[in-house]
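Since the structure comes first, as C-alpha cells, the remarks are kept for the end.
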Amino acid sequence: MTDLTHLTITEALNGLENKDFTSVELTQAHIDAMADAKHLNAYVTETPERALEQAQQSDKRRSEGKAGILDGIPLAIKDLFCTDGVQTTASSHILEGFVPTYESTVSGNLLRDGAVMLGKTSLDEFAMGSSNTTSYFGDVINPWKNKNRPDANLVPGGSSGGSASAVAARIAMGATGTDTGGSIRQPASFCGITGIKPTYGRCSRWGVVAFASSLDQAGPMARTIEDCALMLKSMAGHDPKDSTSAPKDVPDFTAGLTDDIKGLRIGIPKEYRMEGMSEEIDKLWEQGIAWLKDAGAEIVDISLPHTKYALPAYYIIAPAEASSNLARYDGVRYGLRVCDDGDNLIDMYEKTRAEGFGDEVKRRIMIGTYVLSAGYYDAYYVKAQKIRRLIAQDFTNAYEQCDVILTPTAPSEAFAIGENEEDPLTMYLNDVYTVSINLAGLPGLSIPAGLSKNGLPLGLQLVGKSWDEATILKVGQHIEKAANFTALPAIRTQKAA
Amino acid sequence: MAYTIQGETGAWELVIGMEVHAQIIANSKLFSGSSAKFGAEQNHNVSLVDAAMPGMLPVLNEHCVEQAVRTGLGLNAKINNYSVFERKNYFYADLPQGYQISQFAHPIVGEGIIEIDLDDGEVKKIGITRLHMEQDAGKSMHDQHPTKSFVDLNRSGCALMEIVSEPDIRSPEEATAYLSKLRMIVRYLGTCDGNMEEGSMRADVNISVRKPGDEYGTRCEIKNVNSLRAVHQCIEYEARRQIELIEDGGTVDQETRLWDPNKMETRPLRSKEEAHDYRYFPDPDLLPLEVANDWIEDIRKTLPELPDDIKHRFVDEYGLSHYDASVLIAEKDRVEYFETAAKDRDAKLTANWLLNELLGALNKAGLTLTESPVKAQQLGELVSLIEDKTISGKIAKDVFADMMETGKNPADIVEEKGLKQVTDTGAIEALIDEVIAENPDNVAAYKGGKDKLFGFFVGQVMKKSQGKANPAAVNEILKEKLNG
C-alpha cells in the first residue's frame, strides 16, 4: 500500500469510499508519521486515542452510508480553537492546562462533517508572530531545508506555523488556521502548502481565542486548492453566536473549480513592487502573471495608493484590540494563577500576567494600551481606523477594473530560527503583502508557485472581492496546475531516500 | 426661595447632576442568554460569555434595546438611530472580561426632559443628557474568608441603563424628587422595577457649590448612593464639606468619592495615582446598533400614559389641585384606583377620600392599595351616597370604618344599620316640634337672646333622629320655628 499520508483529502475520500482503506488505517498512518516527526514540534497536544476512536466511528458511519463530506479525514486543529475536553493553550503559559467545556463553531463544523482530530497545533503565542518562535511550548520547525544551509532549522512562518508544518510534513491532511495579518498565508507560503483566509465574517469566531477581533478570521490549510475548498465549505457558515458572522449562504466551493478563467481581469498593484524586493520574488510574480495570461485572463495594472500605510495602521489596530481581548487572562477564573501568601488582587494580576505572557505578547499589550490611552487615542487609534477605511476604499476602486488581484504572499522564503529576532520591526515586515487584505476584510489565499534558489517554497497570493472566495479558488487552481508544485520537504524526501 | 447653604462667607448654591443606573427588566442578560433574575444562588446565572471564557462572544439582546428605547421615549428624549457599543477597560475581579461593554460616544438615547414636583407645589423641568446601555459588573465579597475574595457573577452582564441628567438640580429636595420621578417613569413603563434595596436602581451624584451667579465650581462624583435618604444626606454632607474646604482657603479636587451611610460621610474612592484611564474604543465583537424609525414608532404606540401626562389630565379634566394630582400619580395603582372610583362622580371628593381617608387607614393597617379591603368601586359608591345626600359626610366616616373592617358594600351597611339620612321635612318638623315641646325653658332662654343655645337644639334633633337627619334641613326648619 502506498503511503497514505501523501494522499490529498480528495484522494483519501475516494479511497475511503472505494474501501481501499479505512479511516482507522488512514488515521493510524498519520499517528505513526507524527511520532517520526516529533522534532518538528508542530503539535502542542496530540490526541491519538481520541483520533482513533473518531476514525472508528467514521468507518461505522461510512459503512452505514451516513458519511459526511469530510468523514474519516485526519486533520489538525490550531491550538487557538477551543476544543471540548482537549487542552487549549493559544501556545501561552497563561492558558496551560485550560480544558474547555465547549467546542468552537469552526472545529465543531468539521467534526459534524466527520473529520478526525489528530491534535492541536502550535502557533505564535496568542497568534502574535510570523515565525512560530514565540510559542511557550517551543519553536516549531519547518520540514523544509535550505539546501545551501542544510544544518539550519527554518521557521515555518506564523502564526499558524504548527498547522503549516504539519500539513507540509504529511502529519495532517489539512489543518485549521487563523489569519489576522497573514497568519494563514505567510506560513502556507513558507511551507509550500495552500491556505485561504476567507472574507471576514465567513467563518464564525465563536470559540476561537481572540487576538484582534476585527481582523481575526479562520480558514483552511491543505495541500491543494480543492482540499481547501472542501474544508472551507465545512468550516464556513452563519453563526448566530458571533454577531460579526455574516448571514450568507455558503457556496459549493469545489463545484466552481472546473470553470476556465478566460476574460477574467487580474489586477497587478504597482505599490506591491516594493523597494528592495528580492529578484526571486519578482520573478515568481512575473511567472504567475504569465501563467494566467496564457490561460486567457486579462492582466490589468491597478493602484492601491494607501498600501504603505497598511502595516503601521495594522500595528496600531491589532495591538489595541489585543490589549483589551487579553485582559480576561487575569488568574481569577482559569489558566495560570501566580499568587503568594499575603498578595492582594493587584499583586496577583501582576505576577500572573508577568509570568504567563511572553515578550511579544507583552510588547503588543503595551503598544495597544498606549495607543488607546487618553491623549493618544486620536493620534493613533482614530487615525489608524481612518487609514483602514482608505485602504478598503482602495480595493473597492480597484475592483472596478479587475476581478482578482495577484501579488506575492511574503517578501522572502522561510528564514532560519533566530533570524529577524533582534528587531521586532523586521519581523513585522513579513506581513507587508498580507495585512491590507485583513484590514479590508477581503478573502485571500496563498498557493505554492515555485522554489527559491535555496530550494525553498515560495507562494503567490490571490485577493478576491468580498464573499468571492469562489473566484480566487478557481484562479488558484489554474496556478496550481501551471506551477505543478510537486517538490517535497526534506523530512519526506530523506525518509523516502 | 432658592435653596442655599449659609457659609461663613455668605450663601452658597448647589449644582447637582445625577447618573442613575437602572437595571432593565428582561429575562436574560444584555449579551448572553443566562437569566437576569435577582436572588438566585451565587454563580448560578452565569454563562460561558458572562464568565469571559476564551473565545466567547457577546450577542445583543434585542429586548433590552427595546426597553432602552421605551425608556427614552418615556423621558421625552431623542432616540438615536445609530449607536455604538464600546469597551471600557479596567481590571477588577468582578469584571471577568477586563472591560465593561458600554456606550460612550454614541448612546442609544440623546437629550430629553422630565418634570419634578416639589413639596410647595412648584413644578420644575430637569434636562436629561443621555441614556445608554451597559453591562453590570459581578459582585466581590471580601469578608467571607481571611485571604480569599469571593466573587458572584450572577449580576455580571445584566443590562443596565445609565441615565444622566443635566446639572439642573439645585437642592437635596430636588434631587430626591428627580430620582422619585425617574423611578416612577420606569415603573410605569415596565422597564425597571426601581427597587433600590435590591440595587436595581442606583445613583451617582455629581455635586459642586458656587456663589449664586458664579461659574460652576469643581464637582465631585459620589458613588454608592442607594436610597432616597442617602441622596438627601450625601448631598447635604458633601456640599458642606466643599463649602468648608473652599472657605478655609482650599480647593475642591475633581474626584470620585464614596458615600458611607454608617459614618454619614463621603471619602475619596481612590487616590490620584489609581485614577482610571478607561481606554474606550468601539467593541469589535459587536456591529454598530441601528434602529429604524418604524420600529421606534411601533414601540411608541405601546407606551402607557405617563405620570406627568396623567397629572396634567387630572388637573385639567377633574379640576384636582397640582398637589393632589402629584400624590395620586406617585403609584400606578393609585391612578387606576382613583379613576375607577371617580368614574361619573365628584372627582375632587373622591380624591379627598382616597388620599385623606383610605391611604391613612391602609397605612395604619400596614396594607398596600392592592390589598385594600375597600375596593375602588366601593369607595366610589360611598362617594355617591354622600353626593346624593343618602348619608352625611359624618355618617360616611362610620360607614367607611365598617367597610375597612368587613369589606362590605357601603349601601348594604347603610341599609343594615338604617343610616339613611332623613330629608323628609315633615318628619324633621315633627322631631323639632317634639324637642321644642320638651324644652320650654331653653326655648324661652333662646328667645330671650341666648343665641348659642341653637346648637343645643340641633344636637337634640340629631340625637332623636339617631344622626340620620339631614343637618342642613334641620338647621333651616329649626331656625324658622324658633325665630318665627
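Tabulated values for the structure
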read-out	value
Net charge of neighbours whose Cβ lies under 12 Å from the Cβ of B:Gly194, counting Lys and Arg as +1 and Asp and Glu as -1	+1
Set of the range A:41-63 residues, backbone N closer than 12 Å to the point 7 Å along the Cα-Cβ line of A:Arg112	none
Ratio Rg/Rh, restricted to the range B:305-417 and using Cα atoms, in which Rh is the Kirkwood radius	0.96
Percent of Cα-Cα distances greater than 16 Å, calculated over the range A:262-314	51
FRET efficiency, 1/(1 + (r/R0)^6) with R0 22 Å, evaluated for B:Thr9 and B:Met264 via beta carbons	0.35
Overall Cα dimensions of the range A:350-494 - principal axes, largest extent first, Å	53, 47, 24
Values of log10 I(q)/I(0), in the order q = 0.06, 0.13 Å⁻¹, for chain B under a Debye, Cα-only, solvent-free model	-0.43, -1.23
Exercise: per-residue mean of other protein chain Cβ atoms within 10 Å, A:331-338	3
Only Lys, Arg (+1) and Asp, Glu (-1) charged, at Cβ; the range B:325-391 dipole about Cα centre in debye	120
Over the range B:62-195, volume per residue of the alpha carbon convex hull, in Å³	141
Which of A:Pro319, A:Pro251, A:Asn146, positive extreme of dipole for chain A (C-beta unit charges)	A:Pro251
Low-density loop cleavage sites - GluC sites (Glu not before Pro) in the range B:257-328, where at most 12 other Cβ are within 10 Å (DSSP)	B:Glu305
Entries in A:Lys248/A:Lys386; A:Lys270/A:Lys481; B:Lys332/B:Lys364; A:Lys120/A:Lys465; B:Lys364/B:Lys397 that, when Cα-Cα distance is taken, lie over 23 Å	A:Lys248/A:Lys386; A:Lys270/A:Lys481; A:Lys120/A:Lys465
Principal axis dimensions, the protein assembly as shown - Cα atoms, whole angstrom, descending	147, 76, 60
Candidate lysines - alpha carbon under 26 Å from B:Lys447, same-chain residues fewer than 8 apart omitted	B:Lys463, B:Lys464, B:Lys479, B:Lys481
Positive-pole candidate from B:Val186, B:Leu73, B:Val458, dipole of chain B, charges at beta carbon	B:Val458
Pairwise FRET efficiency - A:Asp84 versus A:Asp423, Cβ, R0 = 41 Å, nearest 0.05	0.50
Approximate spin-label separation B:Phe150-B:Asp388, in nm, with each point projected 7 Å along Cα-to-Cβ	6.4
Candidate lysines - alpha carbon under 21 Å from B:Lys263, same-chain residues fewer than 8 apart omitted	B:Lys223
All aspartates and glutamates inside 12 Å of A:Lys145 as judged from Cα atoms, apart from same-chain residues fewer than 8 positions distant	A:Glu413
Simple spin-label estimate for B:Lys479 and A:Lys262 in nanometres, 7 Å along Cα-Cβ	11.8
Net length gained if the chain between A:Thr493 and A:Asp32 were fully extended (0.36 nm per residue, minus Cα distance)	164.3 nm
5 Å binning of all Cα-Cα separations within the range B:425-483, expressed as whole percents from 0 upward	4, 20, 37, 25, 12, 2, 0
Pairwise FRET efficiency - A:Asp249 versus B:Asp294, Cβ, R0 = 25 Å, nearest 0.05	0.40
Peptide A:234-244 - average C-beta neighbours from other chains (10 Å radius)	3
Debye, to nearest 20: dipole size of the protein assembly as shown, +1 on Lys, Arg Cβ, -1 on Asp, Glu Cβ	940
Spin-label model distance (nm) - B:Lys343 vs B:Arg313, 7 Å beyond Cα toward Cβ	1.4
Long-range HN-HN contacts of B:Val151 with modeled amide H, under 5 Å	B:Met141
Hydrodynamic radius by Kirkwood, which averages 1/r over all alpha carbon pairs of the range B:1-149, in angstrom	18.5
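Rule-based calculations on the coordinates, nothing more; no lab input. These numbers come from a predicted model, not from an experiment. Heads up, the Cβs are rebuilt from the backbone with ideal geometry, glycines too, and the neighbour counts pull from every protein chain shown.
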